[in-house]
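A.B. asks: Below is one structure. I have some questions about it.
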Amino acid sequence: MRENKYCCGSPETGAENTAENTKEIGVSKELEDKKAEASGTVLSEIEEMKDKHLRLYAEFENFKKKTQKDKEELIKYSNESLILELLPVLDSMEMALKHGAEQGLESGSLLKGVENTLREMNRTLGKFGLAEIEAAGKPFDPAYHHAMSQVQRDDVGDNIVVEEFRKGYLFGDKVLRPSLVIVSKKLEQ
């Protein structure tokens with residue numbers, strides 16, 4: 001019988017084929033292991049890059065929020081220095097009205113003009129966020145009032161503002177200038 005060289009072959013050839021197959025399987029297994037190891041390394045690098053990306057994105061979002069807040073603050077308080085410079089003008093007009101009243105010039109046209117100018121200026125500055133701090137008769141609050149002195153009085157409670165030397169002002173929710181005041185103190189018995 002003739003041996004078919006394309007079929008199974010001789011027993012020696014079969015052993016060679018098995019050895020070659022085992023080698024190929026070993027090489028294939030080794031390649032798969034290296035591939036899995038490389039894949040694991042790539043996956044860990046991808047996770048690391050993803051984590052970095054998320055952190056960078058979060059930092060950028062925080063930066064955007066802070067920039068927006070700073071921008072809003074800048075817009076909100078942009079007129080602060082101008083208004084602060086105008087406060088002595090308001091003080092001078094109020095002082096002129098006070099002295100005019102003390103001199104009995106209440107009906108004078110000059111005094112009326114100063115009074116109208118002061119009222120208009122207060123209205124205009126009020127549009128931009130300026131508000132007077134009410135002090136007289138209110139409890140002393142160091143956040144809004146600056147005590148110049150204390151006076152012993154029995155007709156009012158303790159730590160009540162009894163006199164205001166200079167008006168204080170708020171600009172938005174910020175104290176622009178505290179009121180200068182005299183504070184009551186209970187009489188000692």
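A.B. asks: Would you confirm, using the coordinates I've provided, whether K52 is part of a helix (DSSP H, G or I) and modelled with pLDDT of 75 or more?
C.D. replies: Spelling it out, K52 is indeed part of a helix (DSSP H, G or I) and modelled with pLDDT of 75 or more.
A.B. asks: Quickly run through the stretch 145-189 and pick out the residues that are under 22 Å from E73 (Cα atoms), crowded, with 16+ Cβ neighbours inside 10 Å and in contact with a Gly (Cβ under 6 Å, 6 or more places away or on another chain).
C.D. replies: F171, R177, P178
A.B. asks: What is the residue count in the stretch 114-151 for residues that are among the acidic types (D, E) and within 27 Å of the chain's Cα centre (by Cα)?
C.D. replies: Total satisfying the criteria: 2.
A.B. asks: Residues that are farther than 22 Å from E94 by Cβ and modelled with pLDDT of 90 or more: list the strands (runs of 3 or more DSSP E) wholly contained in the stretch 142-189 that include at least 3 such residues.
C.D. replies: none
A.B. asks: Could you grab me the full set of residues in the stretch 70-99 that are closer than 15 Å to K174 by Cβ and either assigned to a helix (DSSP H, G or I) or without any contact (Cβ under 8 Å) to a residue 40 or more places away in the chain (or both)?
C.D. replies: If we filter the stretch 70-99 for residues that are closer than 15 Å to K174 by Cβ, which is where we start, we get 72-84, 87.
Within the stretch 70-99, E72, E73, L74, I75, K76, S78, E80, S81, L82, I83, L84, L87 meet the criteria.
The values are calculated or read from the model by the stated rules, or taken from the named source; none is laboratory data. Remember, predicted model here, so these are calculated numbers, not experimental data. All Cβ positions, glycine included, derive from the backbone under ideal geometry; neighbour counts span all protein chains shown.
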